[in-house]
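These notes are about the structure you will find just below.
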Amino acid sequence: EPGQQSEDNRVQPPAPSKARKSLPVLDPSGDYYYWWLNTMVFPVMYNLIIVVCRACFPDLQHGYLVAWLVLDYTSDLLYLLDIVVRFHTGFLEQGILVVDKGSISRRYIRTWSFLLDLASLVPTDVVYLRLGPHTPTLRLNRFLRAPRLFEAFDRTETRTAYPNAFRIAKLMLYIFVVIHWNSCLYFALCRYLGFGRDAWVYPDPAQPGFERLRRQYLYSFYFSTLILTTVGDTPLPAREEEYLFMVGDFLLAVMGFATIMGSMSSVIYNMNTADAAFYPDHALVKKYMKLHHINRRLERRVIDWYQHLHINKKMTNEVAILQHLPERLRAEVAVSVHLSTLSRVQIFQNCEASLLEELVLKLQPQTYSPGEYVCRKGDIGREMYIIREGQLAVVADDGVTQYAVLGAGLYFGEISIINIKGNMSGNRRTANIKSLGYSDLFCLSKEDLREVLSEYPQAQAVMEEKGREILLKMNKLDVNAEAAEIALQEATESRLRGLDQQLDDLQTKFARLLAELESSALKIAYRIERLEWQTREWPMPEDLAEADDEGESGVGTSKDGEGRAGQEGPPGPE
């Protein structure tokens, strides 16, 4: 029916249309953006190196024209895709990645990068229709995309595991590009002045061997290398153009030499700084031992210890290396490296993950030399040790007899850093432990453990219970002494509770006294104010004196009046 049909048309929603998939927004610090930057290195380097070479060596341009046209327009296509990527690359605003494409586009359009990107894609190739395809200088505007090359190099330098080697390779690439450009300009100048006109220019190509393209480029590159390295042994210039070219190259060589020396010095300094950050400086220790005339045997042991650290890349100052990282990130790095080692300790098993993370940050790596004692019997135990690598022996007092050998993953000294009631050994070491070879240990001090456990009382109780079980198995727990200590602790706690109650009572009484004092002070203030209002109505002394004076003068006047009245009038009746 018509009515039913119109109702159906009104109720049914329109068929959903297929949404077009748009390109995702790239994170500028992500992997996809990084690999795209590395892809853009090839077209930029192609234009920086090949275009200049084609413009100065005509044989190179004419011999491979089709290949150059294919590579030119392939690089243009990548340039165009790079602009598209720029419109889909987010940016940080108040620390949050902006993924709104409208905001990204508006921000990109307002930057100089957008103008340079557009200028680098201006279709100057249309001039080929008038000048012919053998004028590659029309593509020099492609050099404006060079900032992408520098950005790619910066990202790679921060990501690579060998930044110093990458800096040296980058410096060598810059040197090659400068010499390459200079060799191309040299050959172009020789072609302008005329080949073979004097000893300074390129020889006449009519001579055998000098007509080949490879010979032309290698000769120009060699000549430019001699000039820019200031080695000398170059023919003297004969014309003004040659003199100007040589002067410009010498100035460029001076600046290049200073740049190279500065860059190499920076690389060497960074390498030394990195070594100093990872490994302790042994030069200061050697000088100290020399000044104090340390015996040769001990000095040899110290030098061997430092040598072991450098050869085997052992680090003893991890805390200083990671100190600039945020606390949470530093904890994650330390957990990923050391958590498996810490979780092997029995008293730390089944503890909270946050507790283990804080303990991991407290681990101090230590390296012991062959024959060095880690601890001796009777020493006060202030830390526990976890064996990361190497072997240690439990030896007798003579230092020779071995009772047991401890390997990687084992630990000792954990009982001494936990105050367990009834521990018969107290905090004293019960054995001599000596390193058989070079041993890497992790050290956890009692102070660090106490600082961490102060925030985790439940974990502290669990660890003390595990330590008590271990002492029971070793028959080193005095149950009576433990009960006595527990009773003493309970009595002390009871007294403390009583003192707390008395203190609360005193505080209550003191509060009442303060309240009464404040009430009395208010009452006194009210009374004083009331008396002040009352005294304001009293006559002042000056007013009283004036009143007395007026009274006296009034009395005399009345007496005189009475006398005159007695004389003049008749006396009144008595």
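In units of the compact-protein estimate 2.2 N^0.38 Å, region 20-126 shows a Cα radius of gyration of 1.30. Distances between placed amide hydrogens fall under 5 Å for V374 paired with I433, K434, S435, all partners being 5 or more residues away or on another chain. Protein heavy-atom accessible surface, 1.4 Å probe, per residue over region 57-136: 61 Å². Would you work out if region 208-269 is rounded, prolate or oblate? Take a ≥ b ≥ c from the square roots of the eigenvalues of the alpha-carbon gyration tensor; rounded if a/c is under 1.5, else prolate when a/b is larger than b/c, oblate otherwise. Cα axes put region 208-269 in the oblate bin.
With a ≥ b ≥ c taken as the square roots of the eigenvalues of the C-alpha gyration tensor of region 111-226, please select rounded if a/c is under 1.5 and otherwise prolate if a/b is larger than b/c or oblate if it is not? In terms of gyration-tensor shape, oblate. Excluding ligands, DNA and RNA, the accessible surface per residue across region 347-435 is 45 Å² with a 1.4 Å probe. Packing, taken as the mean count of other beta carbons within 10 Å per residue, orders the peptides 443-456, 256-269 from highest to lowest as 443-456, 256-269. Among rounded, prolate and oblate, which fits region 283-405 when a ≥ b ≥ c are the square roots of the eigenvalues of its C-alpha gyration tensor, a/c under 1.5 means rounded, and a/b larger than b/c means prolate? Note, shape of region 283-405 comes out oblate. Listed values for region 221-234 are Karplus-derived 3J(HN,Hα) couplings in whole Hz (6.51 cos²θ - 1.76 cosθ + 1.60, θ = phi - 60°), namely 5, 5, 4, 5, 5, 4, 5, 6, 8, 6, 6, x, 6, 10, and x replaces Gly and Pro. For the residue pairs K446/K466; K314/K446; K314/K362; K170/K314; K377/K446; K287/K434, alpha carbon separations beyond 20 Å are given by K314/K446; K170/K314; K287/K434. Converting phi to 3J(HN,Hα) with the Karplus coefficients 6.51, -1.76 and 1.60 and the offset θ = phi - 60°, region 405-419 yields 10, 9, x, 4, x, 8, 8, 7, x, 6, 6, 6, 9, 10, 7 Hz in sequence order, with x at every glycine or proline. Expressed as a whole percent, the accessible surface of region 75-178 that belongs to carbon and sulfur atoms is 70, based on a 1.4 Å probe.
Overall, the accessible surface of region 320-442 at a probe of 1.4 angstrom is composed of carbon and sulfur to the extent of 48 percent. Per residue, region 207-269 exposes 66 Å² of solvent-accessible protein surface, assessed with a 1.4 angstrom probe and all protein chains in place.
The values are calculated or read from the model by the stated rules, or taken from the named source; none is laboratory data. Worth saying up front: this structure is predicted, and the values here are computed from it rather than measured. For neighbour counting, all protein chains shown are included, and Cβ atoms are generated from backbone atoms with ideal geometry for every residue, glycine included. The accessibility values were calculated without ligands, DNA or RNA, using every heavy atom of the protein model including side chains. Shrake-Rupley method; radii C 1.70, N 1.55, O 1.52, S 1.80 Å.
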